[in-house]
Structures are given as structure tokens and as C-alpha cells.
Amino acid sequence: MPTMLVVKRVYAPVAEDDGFRVLVDRLWPRGLSKAAARIDLWAKDVAPSDALRQWFGHDPAKWDVFQHRYSAELAKNVDAMAALRSELSAHVRGATLLYAAHDEQHNNAVVLLRYLQAQHA
């Protein structure tokens, strides 16, 4: 895993310290060109399933259940998680998990970051 792994909204300005930029949403962000996004990897296979994403709807009241259900999906998604870990490990300088949601505290990238950190510990 990279020394530095953080989450950031994909619409935020690209920064030099972003390192390897990984979009972790299943859908491409609205209104953002691929050139402007400067995505190094689109890891849509580790994003929440369509059913889970639609159920959650970014409702903070569903956050606890969403975290549990999404973590369970990640645990079952062995191949995609192994591919992501492999990509991340090649970028020891740092990586940024990018998401499109407006809510900076209640989004899939936050759950994915915690999941990766727990697996690496």
C-alpha cells in the first residue's frame, strides 16, 4: 500500500501531492472531462453495487448500514480488491481515492479507505 493514501472529491483541483489518482465510483462524474479529471485508474469494480448505491442515496441516516453492506461487498470482491491493492502497492509515494459525491464524510471512498487500512494493518 502507498505510504500516503487519502480520499478527495474528484471535482477538487488536481494537486501535485495527489500521487496516483484512482476514481472509485461506478459512474463517471457528471460534467467532468477525462482530461480535466486526470484519472490514472478507474476502479469501478470496487465501487458499491448499483443496488447498494441506489439504496443508500447518500442519506446519512443510512450510513452505518451502508458501511457494513459495502464492506461485505468488498470482502466478496476478491479479484477486484487484489487488482486494486496491486496497483496501489506500485505507487508507494502516495495515492488518492477519488469520489464524486457532495458529502465528504459519507461516501464510498471513505469506507474503501478504512477497509484497505484495516486489511493492511
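The values are calculated or read from the model by the stated rules, or taken from the named source; none is laboratory data. Every value quoted in this text rests on a predicted model; they were computed, and no experiment measured them. Here Cβ is always computed from backbone atoms with ideal geometry, including for glycine, and neighbour counts include all displayed protein chains. Only protein heavy atoms, including side chains, enter the accessible area calculation; ligands, DNA and RNA are left aside. Shrake-Rupley method; radii C 1.70, N 1.55, O 1.52, S 1.80 Å.
For LEU74, are the conditions met, namely being among the hydrophobic types (A, V, I, L, M, F, W, C), crowded, with 18+ Cβ neighbours inside 10 Å, farther than 18 Å from ARG9 by Cα and in contact with a Phe, Trp or Tyr (Cβ under 9 Å, 6 or more places away or on another chain)? Working first, answer last.
Details: among the hydrophobic types (A, V, I, L, M, F, W, C): yes; crowded, with 18+ Cβ neighbours inside 10 Å: yes; farther than 18 Å from ARG9 by Cα: yes; in contact with a Phe, Trp or Tyr (Cβ under 9 Å, 6 or more places away or on another chain): yes.
Against the criterion (among the hydrophobic types (A, V, I, L, M, F, W, C), crowded, with 18+ Cβ neighbours inside 10 Å, farther than 18 Å from ARG9 by Cα and in contact with a Phe, Trp or Tyr (Cβ under 9 Å, 6 or more places away or on another chain)), LEU74 qualifies.
Contact annotation: residue pairs with Cβ atoms under 6 Å, 6 or more positions apart or on different chains, pairing a residue in the stretch 68-97 that is closer than 17 Å to GLN117 by Cβ with a partner that is in a strand (DSSP E or B) and aromatic (Phe, Trp, Tyr), are HIS91/PHE20; ALA95/PHE20.
Restricting attention to the stretch 12-26, which residues are part of a helix (DSSP H, G or I) and either in contact (Cβ under 8 Å) with a residue 40 or more places away in the chain or under 15 Å from ALA100 (Cβ atoms) (or both)?
Narrowing the stretch 12-26 to residues part of a helix (DSSP H, G or I): 16-18.
ASP17, ASP18, listed by residue number.
Kindly establish whether ARG114 is farther than 23 Å from TYR11 by Cα and either surrounded by 11 or more Cβ atoms within 10 Å (Cβ to Cβ) or acidic (Asp, Glu) (or both). Reasoning before the result, please.
On the way: farther than 23 Å from TYR11 by Cα: no; either surrounded by 11 or more Cβ atoms within 10 Å (Cβ to Cβ) or acidic (Asp, Glu) (or both): yes.
Taking the combined requirement at face value, the residue does not satisfy it.
Scoring PHE56 on the criteria (1) free of Cβ contacts under 8 Å to residues at least 24 places away in the same chain; (2) out of contact with any strand residue (DSSP E or B) (no Cβ under 6 Å at 6 or more places or on another chain); (3) open to solvent by 20 Å² or more (accessible area, probe 1.4 Å); (4) among the aromatic types (Phe, Trp, Tyr) leaves a single failure, condition (3).
Of all residues in the stretch 59-71, those that are touching a helix residue (DSSP H, G or I) at 6+ places or on another chain (Cβ under 9 Å), open to solvent by 50 Å² or more (accessible area, probe 1.4 Å) and either among the polar types (S, T, N, Q) or farther than 28 Å from GLY31 by Cα (or both) total 2. Annotation note: of LYS8, LYS34, the sole residue that is touching a Ser or Thr at 6+ places or on another chain (Cβ under 6 Å) and open to solvent by 30 Å² or more (accessible area, probe 1.4 Å) is LYS8.
Could you grab me the full set of residues in the stretch 44-53 that are surrounded by 11 or more Cβ atoms within 10 Å (Cβ to Cβ) and not small (Gly, Ala, Ser)? Please lay out each step first, then the result.
Initial filter on the stretch 44-53 (surrounded by 11 or more Cβ atoms within 10 Å (Cβ to Cβ)): 44-49, 52-53.
Scanning the stretch 44-53 gives LYS44, ASP45, VAL46, PRO48, LEU52, ARG53.
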